[in-house]
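Heads up: the structure comes next, in structure tokens.
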Amino acid sequence: MTLPIRHVPVAIVGGGQAGLSVSYHLKQRGIDHLVFEKHRAVHAWATQRWDTFCLVTPNWQCDLPGHPYDGPDPDGFMRKDEIIAYLKGFVAKVQPPIREGVAVRRVERRADGVFSVQTSEGDYTANEVVVASGGYHTPIIPRMAEKLPGSIVQLHSNQYRNPAQLPRGEVMVVGSGQSGAQIAEDLHLAGRKVHLAVGDAPRCARFYRGRDVVTWLADMGYYEMTVDDHPLRDGVRDNTNHYVTGRDGGRDIDLRRFALDGMRLYGALEDVADGSLRFRDNLKASLDQADRTYNGINAAIDKHIAEKGIDAPVQAPYTPVWEPGAPVTSLDLAGSGITAIIWCIGFRPDFGWLDASVFNGAGRPKHKRGVTREEGVYFVGLPWLHTWGSGRFGAVGRDAEYIVEVIQRRLGADRLALRVAG
């Protein structure tokens, strides 16, 4: 039997913190809507993070709409189970009209201007569509992975849970962004022999001159800077996040110190050929650039302290504790002892279900603070949608509120037009 097509003023695709933030603000304004989530609300935090995962920003920055962090450790870093509990509390407060287990397969505008929303449970129509599914959809595993022997276990970072799931032997981690650096540390602390192919991710200090670096940057107004004010403009959206950790109360991640402790570091992995891993000769350059960023952030904090006359303990710039020797550009797999490889090189966006002229050549949405040139299509929850916190618990609620204000004006204008026409 064909189900009748149901109309909703606003369709939200994605039931993570971004989609639920939009739902919160729509409910505040009494605007009817539905949230479509192909799994369960905020599922990714429970199903795509390793066991020791924790936030890298202090708990006080968790400020979802109507649901600020109110736990006992505002300067700490929530662990995985605490994050899940925090988000479940948000779901309970919002009580969104959500269709869990329902995948959106196609969204396109009809001739009458209304959007057709085709889902796994039937068809809907909507005046407005908010894409809140994030930008991390398809795990990147390079084609060179096909040339690895079948005896080597391969995982993407979103599949890694703990060292015990891997076979005995040594582990190659490819990529040193936030996930790669933290997974390498997790394995290292568990006593596993780790090989790390280092990428171009920058790093920052956890604490500097007596305070968390995030707290300093907040005081300096960094988190209020918009993408339009940033020196890189839209280019900042392509930046790799700095690696640091909140584990065990928070600390730096220093790859050079890992190397002192026995971790093997290499340049970026370029290929697999003739039974060997092939690396670029860029390890020293990558480590040096990461340290320049580290010291550059601290120098900006020094300037702020001096300008404001703040009494803070003096701290010297970071100096390298280890330097790479002769470049290693090839590693024979058979003799390496490596039995597993973890790919930590990110995700590709996949918005193939959305038929709208809102994407650039790389398949990423073009927008201004989440509002696209195609009327009625919005994005929320993407990195640097408007500010640094747009993809995080800190500012996603403000982005959602802005989009809902635009939606409210549009829906109000549509109702006025209908009354005038009538």
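The figures follow:
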| read-out | value |
| --- | --- |
| Rg/Rg_globular for the stretch 230-337, with Rg_globular taken as 2.2 N^0.38 Å and Rg from C-alpha atoms | 1.39 |
| Overall dimensions of the stretch 86-196 as given by Cα atoms, namely Rg and Dmax in Å | 21.0, 63 |
| As computed over the stretch 174-278, the Cα convex hull volume per residue (Å³) | 122 Å³ |
| ³J(HN,Hα) computed for each position of the stretch 346-362 - Karplus, 6.51 cos²θ - 1.76 cosθ + 1.60, integer Hz, glycine/proline x | x, 9, 9, x, 9, 10, x, 7, 9, 8, 7, 7, 10, 10, 8, x, 8 |
| Zero-based 20 Å bins, Cα pair distances in the chain, whole percents | 24, 52, 22, 2 |
| The chain: relative contact order in percent, alpha carbon pairs under 8 Å with at least 6 residues between | 22 percent |
| Sequence-distant residues sharing a close amide H with His156 (under 5 Å, placed H) | Trp343 |
| Ellipsoid equivalent to the stretch 79-146 - semi-axes via the Cα gyration tensor, in Å | 28, 24, 11 |
| In degrees, nearest ten, helix 80-94 long axis to first principal axis of the chain (Cα) | 10 degrees |
| Debye intensity ratio I(q)/I(0), log10, the stretch 206-249, q values 0.18, 0.19 Å⁻¹ (C-alpha model) | -0.69, -0.75 |
| Rel. contact order, % - alpha carbon contacts under 8 angstrom, at least six apart, the stretch 257-364 | 30 percent |
| Sequence-distant lysines (8 or more away, or on other chains) whose Cα lies within less than 23 Å of Lys93 | Lys27, Lys38, Lys80 |
| Radius of gyration, Dmax [the stretch 256-399; alpha carbons; angstrom] | 22.1, 60 |
| Carbon + sulfur, % of accessible area of the chain - ligands and nucleic acids excluded, 1.4 Å | 50 percent |
| Helix 396-421 vs. the chain, principal-axis angle (Cα, 0 to 90°, nearest 10) | 20 degrees |
| Relative contact order %, the stretch 111-270, counting alpha carbon pairs below 8 Å whose residues are six or more apart | 21 percent |
| Probe 1.4 Å - accessible area at Met263, Å² to nearest ten | 10 Å² |
| Coil-residue trypsin sites (Lys or Arg not before Pro) of the stretch 340-413, DSSP, other Cβ within 10 Å capped at 13 | Lys366, Arg373 |
| Top of Lys27, Lys93, Lys308 by mean-square fluctuation, Gaussian network on the chain, Cα under 10 Å | Lys308 |
| Angle between the chain longest axis and helix 17-28 axis [Cα atoms, degrees, rounded to 10] | 30 degrees |
| Inter-centroid distance (Cα atoms) of the stretch 61-76 relative to the stretch 84-128, Å | 27 Å |
| Largest-first principal axis extents, alpha carbons of the stretch 331-372, Å | 53, 21, 15 |
| Shape box of the stretch 279-347 [Cα atoms, principal axes, largest first, Å] | 59, 32, 18 |
| Packing rank of 60-70, 351-361, 293-303, where each peptide gets the mean count of other beta carbons within 10 Å, highest leading | 60-70, 293-303, 351-361 |
| Amide proton proximity set for Arg99, modelled H, under 5 Å, gap of 5+ | Val35, Phe36, Glu37 |
| Only Lys, Arg (+1) and Asp, Glu (-1) charged, at Cβ; the stretch 202-309 dipole about Cα centre in debye | 380 debye |
| Ratio Rg/Rh, restricted to the stretch 1-150 and using Cα atoms, in which Rh is the Kirkwood radius | 1.06 |
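The values are calculated or read from the model by the stated rules, or taken from the named source; none is laboratory data. All of these numbers come straight from a predicted model, not from anything done at the bench. We place every Cβ from the backbone using ideal geometry, glycine too, and count neighbours over all the protein chains shown. Heads up: the accessible areas ignore ligands, DNA and RNA and are worked out on the full protein's heavy atoms, side chains in. Shrake-Rupley method; radii C 1.70, N 1.55, O 1.52, S 1.80 Å.
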